[in-house]
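The structure appears right after this line, and notes come after that.
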Amino acid sequence: MRYIDIAGALAFVEEHGPGGDDTAGTPVLCLHTAGQSGVQWRHVAPALAARGFRVVVPDLPGHGRSEPAPGGPVTELGVYAGWCLELIEALGLERPYVVGCSIGGKITLDLAARASGRLAGIVAMAANAWTGGTPSERGLRRELADVAAPSRTDRTYLGTLAVVGRSVPAERAELIATMHRREDPAISNSDLIGWTTHDLRERLGGVRCPAHLVVGADDLWVPAAGTRAAAALIPGARCTVLDGIGHYPMEEIEGFDGVLAGWLAELGSEVAA
Amino acid sequence: MTTEQVLRPDTRTGPGRRFEEFTVGERFTSAPRTVTATDLAEFTRLSGDDHPLHAGPDGVLQGPFGIAVAMGLLQGLGLHGSAVRGLLDTHWSYRLPLRVGDTVRLELTVVRCRRTRKGDAGVVTRHMRLVDEQGRTVQEGTTSALVAAAGPGPDPVGRAFGTLGWGEALVAALAPGFAESLATWDGAIGLRAGEHEVCLRVYRGKVIEVAGRAALGPTFTVEADELTWTELVTAPANEFTRFAMSGRFGMRGNGYEYLRLTKALHLIVDAARGIA
């Protein structure tokens with residue numbers, strides 16, 4: 001775990017490697033969702049490391065323990081993608097896999113579109129190429145002008161519960177939703193502006209690394225059709241719809257490290273093929 | 001609540017179900033029915049609507065054919081005998097074309113039971129859905145029938161969404177957290193189901209009046225059709241946020257106050273589920 005200067009501000013990065021060596025293993029960069037932090041990967045990261053991976057979990061600028069971006073809250077996901085490339089460079093990650101969820105999933109797709117050659121493969125979860133303009137940027141900007149907008153924390157809590165999959169035990173769903181209350185609304189809303197305005201439709205055709213898109217069947221925010229459409233734009237990409245799972249597979253699925261390791265192995269064998 | 005009903009032998013000659021025997025939330029599924037070329041020809045002849053849309057092997061059955069079939073499948077459920085005095089209304093939507101060779105079944109949910117003012121009968125509103133073999137809704141809507149009552153009542157209020165009696169029972173069932181979450185609030189919350197609306201007038205956490213309307217109108221009204229309310233109170237958990245996010249609940253009035261009352265609305269739904 002360390003603080004490292006990326007793009008003019010200190011970034012908090014969690015690192016786990018096999019046998020306690022944080023710099024050993026196949027690198028995997030794990031990206032969190034809007035307004036949240038690397039804590040979403042707390043169960044997955046050490047377990048994935050024990051399977052031979054060098055797991056790197058950053059808090060995006062303004063999130064968790066990272067300093068805010070010098071230019072203020074980020075409303076452009078491409079900025080986060082550029083930031084991730086700087087991080088990959090600074091840590092000396094050799095052809096890492098990238099795994100992300102929600103805005104993290106869309107940042108993952110953006111990374112693949114701009115730097116396929118530097119990646120071993122991607123797993124983009126709960127992401128699509130284009131939202132179709134929902135939620136509306138105008139509404140989000142209005143809410144940004146009043147980020148203490150009524151009952152924000154209750155809406156984050158209940159809104160999270162509503163998009164967690166139906167197969168997830170109540171206590172786990174409750175923990176996820178309670179932890180998601182920890183957000184800076186100015187940052188979350190800016191993230192969502194980035195999410196809703198980022199259009200990757202013209203760029204996904206250029207992805208050249210192995211790609212796997214994943215979406216939960218119970219994800220009310222990201223309908224499976226949009227994820228399927230995004231996968232169809234990427235040459236050779238596969239798409240998985242997870243039954244009974246919602247918007248946060250890495251937090252919802254018990255033993256997600258094993259599932260993810262399986263997907264990464266598949267991506268790896270595609271390279272060899 | 002899922003109930004499969006067998007054909008009651010007395011419905012052709014006997015009274016069938018009386019008003020009191022219907023319960024909001026009861027669900028029934030009919031046997032399947034396949035649409036034939038004869039159906040298309042005969043319905044076209046009967047209505048006189050010979051538009052090319054309704055002809056040929058790909059002809060689309062006229063919409064009202066679906067209503068007619070739904071009513072026939074309803075009779076097959078064996079609920080109604082001589083206690084039924086007649087059909088009062090039909091509100092219907094056509095979602096997908098119905099063609100020769102399609103097989104549909106009727107899924108029926110009782111969504112409102114309301115006694116008439118005179119008291120000797122009640123209106124039973126049924127949500128009716130024609131579902132194809134892939135499980136898609138082909139047509140749906142509500143129909144209301146007037147049904148003779150066995151006695152004078154009173155009737156249960158726990159699922160009489162949007163009525164005064166329901167509002168009063170709901171308020172009595174509110175958790176203490178409701179008062180806490182509205183400790184600084186002054187306003188009125190409208191709860192609407194179909195055509196029925198009840199207003200909870202709140203002052204500093206206390207509901208000071210339950211009425212058909214608030215003097216200055218509700219601060220906001222939360223509304224849905226009766227089927228949505230029925231599904232909300234019979235679901236295994238409180239899914240209000242999920243329903244609201246997917247557009248099944250609507251809101252009119254002051255959106256800011258509506259958001260501010262997020263937690264209070266959840267507690268209202270908890271109470272509605274508690275009394276159901």
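Values computed for the structure shown
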quantity: Leading residue by the ranking (modelled with the highest pLDDT) among those in region A:117-145 that are surrounded by fewer than 18 Cβ atoms within 10 Å (Cβ to Cβ) and among the hydroxyl-bearing types (S, T, Y); calculated: A:S136
quantity: Complete set of residues in region B:205-234 that are over 24 Å from B:R114 (Cβ atoms) and within 14 Å of another protein chain (Cβ to nearest Cβ); calculated: B:T219, B:F220
quantity: Test for A:P210: is it buried (at least 22 other Cβ atoms within 10 Å of the Cβ) and closer than 27 Å to A:P27 by Cα; calculated: yes
quantity: B:A237 over 28 Å from A:A170 (Cα atoms) and either within 14 Å of chain A (Cβ to nearest Cβ) or small (G, A, S) (or both); calculated: no
quantity: Matching residues, region A:156-181, being free of Cβ contacts under 8 Å to residues at least 60 places away in the same chain and either surrounded by fewer than 16 Cβ atoms within 10 Å (Cβ to Cβ) or more than 12 Å from chain B (Cβ to nearest Cβ) (or both); calculated: A:P169, A:A170, A:E171, A:E174, A:L175, A:T178, A:R181
quantity: Test: residue in region B:41-55 that is among the hydrophobic types (A, V, I, L, M, F, W, C) and either within 27 Å of the chain's Cα centre (by Cα) or over 28 Å from B:G101 (Cβ atoms) (or both); calculated: no
quantity: Filter result for A:S102 (surrounded by fewer than 24 Cβ atoms within 10 Å (Cβ to Cβ) and either among the small types (G, A, S) or within 14 Å of chain B (Cβ to nearest Cβ) (or both)); calculated: no
quantity: Qualifying residue in region B:145-155 (condition: part of a strand (DSSP E or B), out of contact with any Lys or Arg (no Cβ under 7 Å at 6 or more places or on another chain) and either at pLDDT 95 or above or closer than 14 Å to B:A272 by Cα (or both)); calculated: yes
quantity: Considering residues of region B:255-265 that are touching a helix residue (DSSP H, G or I) at 6+ places or on another chain (Cβ under 9 Å) and over 15 Å from B:G205 (Cα atoms) only, the residue nearest to the other protein chains (Cβ to nearest Cβ); calculated: B:L259
quantity: Lone unmet requirement of (1) surrounded by fewer than 16 Cβ atoms within 10 Å (Cβ to Cβ); (2) within 22 Å of B:G151 (Cβ to Cβ); (3) in contact with an Asp or Glu (Cβ under 7 Å, 6 or more places away or on another chain) for B:R99; calculated: (2)
quantity: Qualifying residue in region B:22-34 (condition: out of contact with any Phe, Trp or Tyr (no Cβ under 9 Å at 6 or more places or on another chain), surrounded by fewer than 18 Cβ atoms within 10 Å (Cβ to Cβ), over 23 Å from B:G141 (Cα atoms) and not charged (D, E, K, R)); calculated: no
quantity: Residue under evaluation B:M245, criteria (1) under 29 Å from B:H91 (Cα atoms); (2) surrounded by 18 or more Cβ atoms within 10 Å (Cβ to Cβ); (3) of a type outside the set (D, E); (4) within 14 Å of another protein chain (Cβ to nearest Cβ), criterion not met; calculated: (2)
quantity: Helices (runs of 4 or more DSSP H) contained entirely in region A:171-273, each with at least 3 residues that are in contact with a Phe, Trp or Tyr (Cβ under 8 Å, 6 or more places away or on another chain) and not hydroxyl-bearing (S, T, Y); calculated: A:256-272
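The values are calculated or read from the model by the stated rules, or taken from the named source; none is laboratory data. Bear in mind that the values here come from a model prediction, so they are computed numbers and not experimental data. Because the Cβ atoms are built from the backbone with ideal geometry, glycine has one as well, and the counts that use them run over all protein chains shown.
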